[in-house]
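The values are calculated or read from the model by the stated rules, or taken from the named source; none is laboratory data. Since this is a predicted model, take the numbers as computed values, not measurements. Ideal geometry is used to build each Cβ from the backbone, glycine not excepted, and the neighbour counts take in all protein chains shown. The protein model used for the area step is the full one, side chains on, heavy atoms only, and it has no ligands, DNA or RNA in it. Shrake-Rupley method; radii C 1.70, N 1.55, O 1.52, S 1.80 Å.
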Amino acid sequence: MKRDADMGAVTGHAFFGITDKNGKETVYGFHAATALPENANLTFKEKLPMLIGNKVQGVVLDDSKDAYDDKMIYSISQQQYDKIKAFAEKQKENPPNYGIFSSNCVIFAYAALRQADLKLPPQPLFHNPASAVLGIRAYEKAHKIKHKLGNAAAEVLARFSPTRKISRGILEELKKKPAKQAVGVKSLVTSLAGKATAALKARTSSFNGR
Amino acid sequence: MSTQEELEAGRFVHRAMQYLKSAFPQETKEMDDETLKNKLIDSCQVALEYGFDTEADMMLIVDLLWRLPEDYRNRPEYEWATEIMASEDMDNETKIDSLHNALALLTALQEEDAADPNKTEK
């Protein structure tokens, strides 16, 4: 497929391949339909609003002829292969819309590989096609912002349980109560301390009274 | 609902309020505890709506929501937030990562746009 030199060179792309037990590899990559041959004559400027603005039709293509700069290899079981293949084929048959922020090639590849519970590194910002749309200066800025968000996430993960669940019912109950009651431990400790002091006073005065 | 469960949830809300105060000092400075608690619970309920039901997952979404404008659901440039949270193809970890990428890219784009010297005020 013919791709714009400016589009192909700067946007970056992510795709994945799965190899069956006979060594046959099938490669899948997710694209906006603007990348289809019939849109080859559209300029980058014409394509841009389609990608950023309203969502356009997505398409899953065979990217086996695409060159790549970097790759990761995972050894997977037959069961994992089947899960990834089933997901990719389903998406190929009925592709979702393409959205540069919410439904792009990186997200597609990650969603597919997650079907097999593969432990993947964080999604690389620099491979995201949106980064190229922004230009290098904005990309550097985005990288810094992502780093800050990563720090905030690390703090959240350090402070909150990854397993304990909170139900809707409990949250609704807590909303009805005043903040002091909802805060739990602090109010409980204060209340208990108050009660203990009162009890101690009562005992002391009763002792003094003897 | 058991007392233990309620106590744990109360502790969670308390810790979450502390987190929001430290992570968003400007936004929470003028806010009384009651307002903060209710806003926190509203954000937690949004997280629950999309299946983020553990303390950590919920707070990762709360943290993100607090970085978006309040009316993000009605603004087309933030359409991605709901789309990613509602996606049936991604697990929670992938969703959080995608949300962070999208927010970082959009914020950078907005900052670049605001700083563009060629942009003239009408």
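Per residue of the stretch A:147-157, in order, report the coupling 6.51 cos²θ - 1.76 cosθ + 1.60 (Karplus, θ = phi - 60°) as ³J(HN,Hα) in whole Hz, putting x for Gly and Pro.
Computed from phi, the couplings for the stretch A:147-157 are 4, 4, 5, x, 5, 4, 5, 5, 5, 4, 5 Hz.
Past the 29 Å Cα-Cα mark, which pairs from A:144/A:165; A:21/A:65; A:65/A:146?
Beyond 29 Å between Cα atoms: A:144/A:165; A:65/A:146.
Going down the table (A:148/A:175; A:119/B:39; A:176/B:39; A:175/B:29), which pairs top 24 Å between alpha carbons? It would help to have the intermediate numbers written out before the result.
Numbers: A:148/A:175 31 Å; A:119/B:39 34 Å; A:176/B:39 13 Å; A:175/B:29 21 Å.
The answer is A:148/A:175; A:119/B:39.
Mind checking the mean number of beta-carbon atoms from other chains within 10 Å of the Cβ atoms in A:95-103?
Values: counts 0, 4, 1, 0, 5, 4, 15, 13, 6.
Partner Cβ neighbours, averaged per residue: 5.
Helix check for chain B. Which DSSP H runs span at least 18 Å along their own axis by Cα, with a mean Kyte-Doolittle hydropathy no less than 0.0? Can you show the working numbers first?
Working: long enough: B:3-23 (29 Å, -0.71); B:33-49 (24 Å, -0.35); B:92-115 (34 Å, -0.20).
Helices meeting the criterion: none.
For A:147, A:13, give the ranking by accessible area with the largest first, probe 1.4 Å. Intermediate results must be reported in sequence, preceding the final value.
Working: A:147 120, A:13 45 Å².
Largest accessible area first, the list is A:147, A:13.
Are there GluC sites (Glu not before Pro) in the stretch B:1-74 that DSSP marks as loop and that have at most 16 other Cβ atoms within 10 Å, and which are they? Show your work: numbers first, answer last.
Numbers: sites: B:5, B:6, B:8, B:27, B:30, B:34, B:49, B:55, B:70; in loops: B:30, B:70.
Filter output for the stretch B:1-74: B:30, B:70.
Does the stretch B:3-122 classify as rounded, prolate or oblate by the C-alpha gyration tensor (a ≥ b ≥ c root eigenvalues; a/c under 1.5 gives rounded; else a/b over b/c gives prolate, otherwise oblate)? Could the numbers behind the result be given before it?
Numbers: a/c = 2.63, a/b = 1.50, b/c = 1.75.
Verdict is oblate for the stretch B:3-122.
Please work out how much length the chain gains when fully extended from residue B:71 to residue B:93, using 0.36 nm per residue of separation minus the C-alpha to C-alpha distance, in nm with one decimal. Intermediate values should be presented prior to the final figure.
On the way: separation 22, 0.36 × 22 = 7.92 nm, distance 2.46 nm.
Once the chain is fully extended between residue B:71 and residue B:93, it gains 5.5 nm.
Averaged across B:61-70, how many Cβ atoms of other chains sit within 10 Å of each residue's Cβ atom?
On the way: counts 1, 2, 5, 4, 0, 1, 4, 0, 0, 0.
The shielding value for this peptide is 2.
Using only the heavy atoms of the protein chains and a 1.4 Å probe, how would A:73, A:145, A:107 rank by accessible area, largest first? Walk me through the intermediate numbers first.
On the way: A:73 135, A:145 30, A:107 10 Å².
Most to least solvent-accessible, the answer reads A:73, A:145, A:107.
In terms of solvent-accessible area of protein heavy atoms at a 1.4 angstrom probe, what is the ranking of A:28, A:139, highest value first?
Values: A:28 0, A:139 50 Å².
Result of the area sort, largest leading: A:139, A:28.
Pull up all non-local amide H partners of residue A:56: gap of 5 or more, or a different chain, and H-to-H distance under 5 Å with H placed in the peptide plane.
Those qualifying (amide H under 5 Å, at least 5 residues apart or on another chain) are A:98.
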